[in-house]
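Chemist: Below: one structure in structure tokens.
The values are calculated or read from the model by the stated rules, or taken from the named source; none is laboratory data. Keep in mind that this is a model prediction, so the values were computed, not measured. Virtual Cβ from ideal backbone geometry, glycine too; neighbours counted across all protein chains shown.
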Amino acid sequence: MTTVDPTPTSLPAALAEPDVPVRRGWIALIFAANLGVWMAFFTPIQVLLPQQVERIAPGDKEAMLAVVTGLGALAAVLANPLAGALSDRTVLRLAGLEFGRRHAWTAGGAVLGAAALVLLAQQRTVAGVALAWVAAQVCFNAMLASLTAAIPDRVPVAQRGGVSGWVGIPQALGLVVGAVLVTALVTGNAAGYLASAVAVLLLSLPFALFTPDDPLPRAHRPALRLRELVGGMWISPRRHPDFAWAWITRFLVQLGNAFGTLYLLYFLTDGVRHPDPEGALLVLILLYTLGMMVTAVIAGRLSDRSGRRKVFVIASGVVMAVAATLLAVAPVWPMAIVAALLLGAGYGVYLSVDAALITQVLPRATDRARDLGVINIANSAPQVLGPALSAPIVVHLGGYPTLYAATAAVTLLGSALVLKIRSVP
């Protein structure tokens, strides 16, 4: 369970364990904000960056895309926990009014990230693409750090599985909406980036403007020192073993996800040899999202009612491993359709329940955003390692069948290690 620092007086609202259920309007706005940020992440990764890199370096597209996405993910690894730690320490007071510690980061990340996407659209070299994508990743990860902290800040434990299901759906829905936006509604790579920038602003700013954000009293602000900020990125596995196992579980499952999704467009082109790979990618994303939407909220609510988390995480890993195995054994279009549905269904269960589980093993209430930022390293670091490991697998170690077999093995191992967590059933 989340613990708080003992104090002689009652904790302020910003640090207290929430006990009032959130309403549908709040859930709808944080759903939209997450949809905006995940569109901003995944639309470039799945569609716009591959197109842009292929035009710049057609003969070396796999390696160059790996460089661009790897550098962006490395930036995310550093930016997310740092922004979270700064968010935990943010005290805003203007014209005698106190403001909360999260929404400034949400709004600022959205505005600056949108500007970075507009800049990215103008790049004509791999170096320029990489630098602009790094800037976008820094901004959107600052935004994501504050949005992720909203769950333990405002949602009671007994409601977190269901709410996490709604918050998790945009990770897949963002792929669908983004892909439709840049393939069916607008034409051209530059127009796709501009449309993504507008979308993140329209979807994200209402949450920052129209939902409560409890201010942090200065007396409760953790010290703001560089050494402590950097040192805080390390959370001792010996002192907090459940947090460490939750991190490892998330890292391995997301590494499997990185293996399975990074080269999906190229897999459809060169492995399945589909005549319309971009159209086929959209179909698979739609099916994946359908599977995820069917399971995410249902699994989260079932987990809330039963009070059990680990059995759902293990089951989700098994389903995702089966999906990846199907692609390894039979890399053909009909099997890709089945695998997309299964992968979405398994990932929906995983996202909702694992997210709720993680909020129950956070070390301290004063550092929620920082600690969730450390967890988010387990989301971002696989995007660095994924390209470095999957590119040689595809090129030298057996191609896509080997890649998807590795996906299955890593995902299954990650989900099984959730059994090491002791404080959550």
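Chemist: Which ones in region 196-246 are farther than 25 Å from VAL361 by Cα and touching an Asp or Glu at 6+ places or on another chain (Cβ under 8 Å)?
Modeler: none
Chemist: Next up: Kindly check whether there is at least one residue in region 284-300 that is within 23 Å of ALA328 (Cβ to Cβ), surrounded by fewer than 20 Cβ atoms within 10 Å (Cβ to Cβ), touching a helix residue (DSSP H, G or I) at 6+ places or on another chain (Cβ under 8 Å) and touching a residue at least 60 places away in the same chain (Cβ under 8 Å).
Modeler: Among the residues of region 284-300, at least one is within 23 Å of ALA328 (Cβ to Cβ), surrounded by fewer than 20 Cβ atoms within 10 Å (Cβ to Cβ), touching a helix residue (DSSP H, G or I) at 6+ places or on another chain (Cβ under 8 Å) and touching a residue at least 60 places away in the same chain (Cβ under 8 Å), which makes the answer yes.
Chemist: Identify, from the list LEU357, LEU343, the residue that is hydrophobic (A, V, I, L, M, F, W, C) and modelled with pLDDT of 95 or more.
Modeler: LEU357
Chemist: Checking ARG308 against (1) part of a helix (DSSP H, G or I); (2) more than 30 Å from PRO222 (Cα to Cα): exactly one of these is not met. Which one?
Modeler: It fails just one condition, (1).
Listed here are the residues, each with its yes/no results for (1) closer than 15 Å to GLY346 by Cβ; (2) among the aliphatic types (A, V, I, L, M).
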{"site": "PHE251", "(1), (2)": "no, no"}
{"site": "ALA258", "(1), (2)": "no, yes"}
{"site": "THR295", "(1), (2)": "yes, no"}
{"site": "SER306", "(1), (2)": "no, no"}
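Chemist: Sort through ILE358, ILE375, ILE337 and tell me the only one that's at negative phi, surrounded by fewer than 17 Cβ atoms within 10 Å (Cβ to Cβ), part of a helix (DSSP H, G or I) and touching a residue at least 12 places away in the same chain (Cβ under 8 Å).
Modeler: ILE337
Chemist: Within the set of pairs 6+ apart or on separate chains, which have a first residue in region 97-125 that is within 25 Å of MET64 (Cβ to Cβ) and touching a residue at least 24 places away in the same chain (Cβ under 8 Å), a second that is of a type in the set (Lys, Arg) and part of a helix (DSSP H, G or I), and C-beta atoms under 7 Å apart?
Modeler: none
Chemist: Only one residue in ARG309, ARG364 is charged (D, E, K, R), over 20 Å from TYR404 (Cα atoms) and modelled with pLDDT of 95 or more, so which one is that?
Modeler: Testing whether each residue is charged (D, E, K, R), over 20 Å from TYR404 (Cα atoms) and modelled with pLDDT of 95 or more leaves just ARG309.
Chemist: Which of the following residues is touching a Phe, Trp or Tyr at 6+ places or on another chain (Cβ under 9 Å) and of a type in the set (Gly, Ala, Ser): ALA16, ALA28?
Modeler: ALA28
Chemist: Output the qualifying pairs, or none if there are none: Cβ atoms under 9 angstrom, residues six or more apart or on different chains, first residue in region 1-28 and of a type in the set (D, E, K, R), second residue modelled with pLDDT of 90 or more and assigned to a loop (DSSP other than H, G, I, E, B).
Modeler: Pairs that qualify, where the first residue is of a type in the set (D, E, K, R) and the partner is modelled with pLDDT of 90 or more and assigned to a loop (DSSP other than H, G, I, E, B), are GLU17/PRO156; ASP19/PRO156.
Chemist: Condition first: of a type outside the set (Gly, Ala, Ser), touching a helix residue (DSSP H, G or I) at 6+ places or on another chain (Cβ under 7 Å) and under 20 Å from LEU173 (Cα atoms). Can you find one or more residues in region 270-280 that meet it?
Modeler: The answer is yes, given that some residue of region 270-280 is of a type outside the set (Gly, Ala, Ser), touching a helix residue (DSSP H, G or I) at 6+ places or on another chain (Cβ under 7 Å) and under 20 Å from LEU173 (Cα atoms).
Chemist: Mind checking which helices (runs of 4 or more DSSP H) fall wholly inside region 13-102 and carry at least 1 residues that are farther than 21 Å from GLY168 by Cα and modelled with pLDDT under 95?
Modeler: 49-56, 61-88
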